Amino acid sequence: MVPLTWYLLVTAALFCIGLVGALSRRNAIAVLMGIELMLNAINLNLVAFWRYAYAARMDGQVFAVFVITVAAAEAAVGLAIIIAVYRQRRTINVEELDLLKG
Amino acid sequence: MPSQYAFIGVFLLVALALPIIGLVLAWLIRPKKPNFAKNATYECGMETIGDSWVQFKAQYYLYALIFVVFDVEAVFIFPWAVAYGKLGLYALVEMVLFILILLGGLLYAWRKKALDW
Amino acid sequence: MQQVIFIVLSLLTLSAAVMVVASRSLFRSALWLILAFAGIAMLFILLQAEFLAFVHILIYIGAIAILIIFAIMLSRGVMDPNEPRFNDQWRLVIGFGALLFVGLVVIMLRIPWPVNIVAVPADAIQLLGADFVGTYVIPFEVASVLLVAALIGAIVIAREH
Amino acid sequence: MYYIQDLFVNIARSWTSWISGFLPLWAVSGVNYLIMAVILVMMPVLATLTLTWMERKVIGRIQNRIGPNRVGPFGIFQAFADAVKMLVKEDVIPTDADRPVFNLAPILIAAGAALLWAVIPFGRGMAAADLNVGVLYIIAIGSMTMIAMLMAGWSSNNKYALIGAFRAVAQLLSYEVPMVLSIATVALVVGSMRMGAVVEAQVVPFVVVLPATFVVYLMAGIAETGRSPFDLLEAESEIVAGYFVEYSGLKFGWFYIAEYGNLFAISAIVTTLFLGGWRGPGVSAVPALGPFYFIAKIVAVVFLMMWIRGTWPRVRIDQMLGLAWKVLVPVSLANLLWVAFVMKLPLPTALQWVLFVVGGLAVLAVALGLLGRAGRRHVASKGMVQT
């Protein structure tokens with residue numbers, strides 16, 4: 001079987017790639033995609049720990065399902081906001097969205 | 001279980017390979033005579049105006065949205081359905097509550113005309 | 001054998017993730033994202049979490065990715081493809097990301113993770129279902145409320161007036 | 001005699017024991033997987049070759065024509081002639097298309113149509129991989145098809161293709177919800193998501209036990225395959241031909257094959273979930289009969305779908321999406337809850353199943369009644385004359 005640290009390495013890398021995407025892209029949808037990658041990394045981490053330490057019970061998978069649920073709700077509302085912003089301002093460039101600066 | 005997924009893996013590769021083989025075969029035997037008019041976008045026989053981007057109705061997004069919510073709901077229903085025979089009456093009550101809350105969401109979407117085209 | 005499959009799948013996932021961030025076209029980014037999701041689902045199967053693997057495909061590829069593609073289509077034409085896709089601080093961010101990765105790896109290798117490999121129960125899905133309405137019944141009902149709240153909120157926000 | 005009784009399983013056994021004589025264990029399973037995969041991957045192609053001919057003949061008879069009768073006896077080689085035509089056609093790629101994505105879309109859609117067959121049991125113990133999450137696998141493969149459609153529509157750089165892809169996906173999304181809910185109802189009654197277990201549980205076929213579920217699933221299945229009366233995605237008069245307008249040659253061919261492959265696969269799933277799969281008279285004594293019953297039932301379902309196509313007019317897009325969300329979803333949810341409720345009543349299983357039937361029929365009757373009332377009100381409000 002693959003050692004646990006391999007999985008942890010992959011999830012750490014995936015999380016960092018997602019973070020870079022979320023912080024460096026200018027398009028709001030691309031930022032959201034970066035966040036989805038980060039959530040995926042966390043989920044993979046959860047399941048890896050479940051398999052390697054607590055496989056007799058299902059708690060790890062239960063948590064993973066809840067993470068997926070929250071991710072789905074987040075994506076739905078986030079994209080709805082992006083669409084609404086696009087309709088109002090005709091742009092979804094996060095650098096130009098500075099309404100609160102006044 | 002691992003052997004089943006080993007088969008699924010092999011099957012996935014074969015299923016992707018067959019169309020590729022077919023396309024390569026067709027590529028070898030078919031004629032190739034492209035010209036400008038042939039490669040133009042197939043619309044009404046006229047020159048295409050603008051990019052292919054058209055403004056889409058947000059309605060499409062609303063359907064996808066409601067779908068996401070019900071898809072996640074299904075994820076909870078399936079393990080419940082499989083385990084149901086071994087669970088007590090509380091499983092029924094809790095699922096009824098779960099579905100009623102979601103039906104409230106569907107009703108809201110219905111009233112707000114989010115389900116109308 | 002498992003090691004080889006693991007390496008192939010994780011390389012696939014990670015390179016797809018890099019392409020999500022680096023791709024110039026937003027639609028291509030979304031397609032790479034789908035490939036990354038598929039890679040993670042296959043890693044779930046390697047971890048013997050088969051239910052979760054298909055749930056992952058169902059929700060992430062079948063629902064969230066489609067939502068993202070719809071949103072890309074609805075907001076098309078606003079971003080000029082020739083404009084830079086990264087903001088000004090992207091070098092800084094990459095440095096920060098690399099630093100974080102190194103930090104995580106160092107921490108990870110230091111901690112002796114408690115490893116206790118047992119067989120996955122044969123009726124894993126039944127146990128999962130029992131957990132939803134048993135131990136985790138409050139989060140289960142809250143999940144339903146959360147979904148409805150997201151639905152109502154998103155409809156209010158996205159509806160054309 | 002025993003060998004003949006369970007012919008297919010025994011052939012597989014003899015073959016495996018023969019090759020294990022000179023091959024190591026991992027190579028034996030590798031070779032076996034490869035053979036099974038190659039057989040199953042041909043299913044969509046086979047379905048296209050036979051079902052196109054059948055469809056032309058059936059639709060022809062319904063429309064008082066003869067159908068194809070030139071190529072071979074009764075025109076049975078028509079499909080082969082078409083296949084050759086597909087193969088030698090020139091491939092046209094529009095100038096501004098996104099080439100890699102454009103080429104990948106038909107490959108993915110054809111693979112999706114084939115992959116469905118992995119979990120379908122052809123007979124007792126004759127599923128290639130009888131996964132514990134079999135029904136989820138089927139739903140998950142469906143999402144791959146949606147992605148391929150969006151890829152095709154987007155990469156063609158054509159307004160009609162893009163609109164067609166969006167419509168197709170909106171339709172698939174909407175009908176996936178009632179489809180998933182009716183599958184969940186079956187899983188609830190069976191207590192498993194394994195396709196093999198679903199067949200074993202059908203002492204009485206579920207088409208009788210769960211009538212509402214069957215009706216919902218059949219409608220959703222027809223919508224998922226994009227066939228008339230739900231063939232809006234390729235409504236010729238509105239959006240040319242849907243998301244694959246720009247495709248030609250074999251790339252179009254793969255879309256076509258995927259369409260018929262999906263029709264065949266959906267019929268196989270209907271058969272497995274509701275018509276008792278390979279079950280039939282005498283099958284417990286002679287298991288080799290199973291696959292024949294199975295294929296016969298599939299052909300019957302396909303015929304039913306063709307009959308529907310030949311008889312009903314196309315619905316409008318608002319009617320179609322409204323039907324999914326306002327009728328089928330509530331019906332399947334009500335039915336699911338009724339089944340769950342009855343299963344908790346302290347009654348013998350046979351009586352519970354009778355109550356399933358009663359509840360299912362009642363749900364259908366209520367839905368039809370409400371639908372009729374809404375229709376009459378609509379007609380009255382539009383001031384149309386009722387005939």
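Only the coordinates and a few stated rules stand behind these numbers; no lab work does. Everything quoted here is computed from the prediction, not taken from an experiment. Counting neighbours? That spans all protein chains shown, and the Cβs are built from the backbone with ideal geometry, glycine included.
Overview of results
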{"quantity": "Of every Cα-Cα pair in the range D:20-130, the percent that sits beyond 17 Å", "calculated": "72"}
{"quantity": "Net charge of neighbours whose Cβ lies under 13 Å from the Cβ of residue D:181, counting Lys and Arg as +1 and Asp and Glu as -1", "calculated": "-3"}
{"quantity": "Calculated P(r) of the range A:4-90 - Cα pairs past 21 Å, %", "calculated": "40"}
{"quantity": "Point-charge dipole on Cβ atoms (K/R +1, D/E -1) for the protein assembly as shown, about Cα centre, debye to 20", "calculated": "1220"}
{"quantity": "Distribution of pairwise C-alpha distances over chain D, 20 Å bins, in %", "calculated": "24, 55, 19, 1, 0"}
{"quantity": "Mean Cα-pair separation over length for the range D:162-224, i.e. relative contact order, pairs under 8 Å, 6 or more apart, %", "calculated": "51"}
{"quantity": "Selection from D:354, D:293, D:337 lying farthest towards where the dipole of the range D:282-387 points positive, charges on Cβ", "calculated": "D:337"}
{"quantity": "Charged-residue dipole, Cβ positions (Lys, Arg, Asp, Glu), chain D about Cα centre, Debye nearest 20", "calculated": "980"}
{"quantity": "Cα centroid separation - the range D:89-136 against the range D:57-85, whole Å", "calculated": "27"}
{"quantity": "Residues D:307, D:325, B:80, D:26 arranged by fewest to most Cβ contacts within 10 Å", "calculated": "D:26, D:307, D:325, B:80"}
{"quantity": "Radius of gyration and Dmax over the Cα atoms of the range D:316-387, both given in Å", "calculated": "16.5, 53"}
{"quantity": "Kirkwood Rh and Cα Rg combined as Rg/Rh, the range C:79-148", "calculated": "1.25"}
{"quantity": "Cβ-defined net charge surrounding residue D:249, 11 Å radius [Lys, Arg +1; Asp, Glu -1]", "calculated": "+3"}
{"quantity": "Contact order relative to length of the range C:2-88, as percent, for alpha carbon pairs under 8 angstrom and 6 or more apart", "calculated": "27"}
{"quantity": "Scaled radius of gyration (Cα, divided by 2.2 N^0.38 Å) that chain C gives", "calculated": "1.32"}
{"quantity": "Rotationally averaged projected area of the protein assembly as shown (alpha carbon convex hull; nm²)", "calculated": "37.4"}
{"quantity": "Footprinting exposure proxy for D:228, B:3, D:155 (fewest neighbouring C-beta atoms within 10 Å first)", "calculated": "B:3, D:228, D:155"}
{"quantity": "Among D:304, A:64, D:265 the positive-end extreme of the charge dipole of the protein assembly as shown (Cβ point charges)", "calculated": "D:304"}
{"quantity": "Net +/- balance of residues flanking residue D:67 in space, Cβ distance below 10 Å, scoring K and R +1, D and E -1", "calculated": "+3"}
{"quantity": "Dipole of chain A [Lys/Arg +1, Asp/Glu -1 at C-beta], most positive-end residue of A:4, A:14, A:48", "calculated": "A:14"}
{"quantity": "Under-5 Å amide H pairs with residue D:315, H placed in peptide plane, nonlocal only", "calculated": "D:231"}
{"quantity": "10 Å Cβ shell holding at most 12 others, DSSP loop, trypsin sites (Lys or Arg not before Pro): longest site-free stretch of chain D", "calculated": "D:71-315"}
{"quantity": "Hz values of 3J(HN,Hα) by residue in the range D:304-310 - Karplus curve (6.51, -1.76, 1.60), Gly and Pro given as x", "calculated": "4, 5, 5, 4, 4, 4, x"}
{"quantity": "Radius of gyration, Dmax [the range C:121-161; alpha carbons; angstrom]", "calculated": "15.6, 52"}
{"quantity": "Evaluated at q = 0.13, 0.17 Å⁻¹: base-10 log I(q)/I(0), Debye formula over Cα of the range C:2-88", "calculated": "-0.49, -0.75"}
{"quantity": "Loop-located chymotrypsin sites (Phe, Trp or Tyr not before Pro) in the range C:87-137 whose Cβ has at most 13 other Cβ within 10 Å (DSSP)", "calculated": "none"}
{"quantity": "Surface/4 of the Cα convex hull for the range D:99-209, nm²", "calculated": "7.8"}
{"quantity": "Relative contact order (percent, whole number), chain D, Cα cutoff 8 Å, 6+ residue spacing", "calculated": "21"}
